[in-house]
Amino acid sequence: MRAEHREGGPTRELFCYLPSFPMDSAVSIGTMTAQRIRVRDCPAAREADFAVAMWSAALEPLYPQGAVLGVRRGRALHGEIGVFALGEASYVRRLYQARGLCRLDTINRSVSNVTVRAGDVLRCIGVVTGVLQADTGIELP
């Protein structure tokens, strides 16, 4: 997407992916919708290829529910926060890979971690670059 200068500083336009209906933890990939948003320029926005609205409380207090997160396409490494597809569900979680285990971890202990089992297909959609300030309102269902 392109950068532009507006009142209040430079901005950038990105696609932002949102759940179509409220979810506690995972979102079905087929139910996501996309809309163009304008975000304020910052390092996280410059690194981002697209954005997602944080639909769960899994990463609170670091990333609160409803925050707009920048995402760079690519593969997450152990300890990085990314957007993951596991089967038909998608998650924004911290990747844990060690000693033969693979998990999608939360920060908020009231939300369960997701264990990736042998035979599961886990795909990393991208790595979170940080919180973005959207010039347009994003409303979660």
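What follows is calculated from the coordinates using simple rules that are stated; it is not laboratory data. All values derive from a computational prediction rather than experimental measurement. FYI the Cβ positions are ideal-geometry reconstructions off the backbone, even for glycines, and counts take in every protein chain you see.
How high is the FRET efficiency between Arg123 and Leu101 when r is their beta carbon distance and R₀ equals 22 Å, given to the nearest 0.05?
That gives a FRET efficiency of 0.75.
Taking loop as defined by DSSP and a crowding limit of 13 other beta carbons within 10 Å, which trypsin sites (Lys or Arg not before Pro) in segment 65-135 fit?
Values: sites: Arg72, Arg73, Arg75, Arg93, Arg94, Arg99, Arg103, Arg109, Arg117, Arg123; in loops: Arg75, Arg99, Arg109, Arg117.
When the trypsin sites (Lys or Arg not before Pro) of segment 65-135 are filtered for loop state and at most 13 Cβ neighbours within 10 Å, Arg75, Arg99, Arg109, Arg117 remain.
What's the Cα-based Rg to Rh of segment 61-133, Rh via Kirkwood? Intermediate values should be presented prior to the final figure.
Details: Rg = 12.0 Å, Rh = 12.7 Å.
Using Cα coordinates only, the ratio equals 0.95.
Please give the per residue volume of the convex hull enclosing the alpha carbon atoms of segment 3-132, rounded to a whole number of Å³.
Given the Cα convex hull of segment 3-132, per-residue volume reads 101 Å³.
Where the only charges are on Cβ atoms (+1 Lys, Arg; -1 Asp, Glu), what is the dipole of segment 3-132 about its Cα centre, to the nearest 20 debye?
Dipole size: approximately 280 debye.
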